[in-house]
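Below: one structure, written as structure tokens.
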Amino acid sequence: MISLFGEPEAAECSRAQCREAAAWRIEWRNPKIHDETRRKIWLACEEHREYLVGFLEARNFPVEALPFTSPEETHE
Ligand SMILES: [Zn+2]
């Protein structure tokens, strides 16, 4: 069972107006406002991973993209 660390419940791409299923989890932080242990999570579809990572890298934020798998076997 994967812990979701407060990710949005709908596993959709974080790009505005994109409703694609997320395939990537992008973990990042803003060193100016987040301390070392904080992580913000964005979700991205295949198409927008590069866009979102590039957006963060352009601001020199530490960013890491990890494969995202939605919890398919949740127990009600
Ligand atoms: Zn997308």
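Considered as a group, the residues in segment 14-50 that are over 15 Å from L66 (Cβ atoms) and of a type in the set (A, V, I, L, M, F, W, C) include one that is farthest from the chain's Cα centre (by Cα), and that residue is I33.
Each residue in segment 24-76 was checked for being of a type in the set (A, V, I, L, M, F, W, C), in a loop (DSSP other than H, G, I, E, B), within 16 Å of the ligand (Cβ to nearest atom) and modelled with pLDDT of 95 or more, and 1 of them qualify.
The values are calculated or read from the model by the stated rules, or taken from the named source; none is laboratory data. Please read these numbers as outputs of a predicted model, since none were measured by experiment. Don't worry about glycine lacking a Cβ; one is built from the backbone with ideal geometry, like all the others, and counts go over all protein chains shown.
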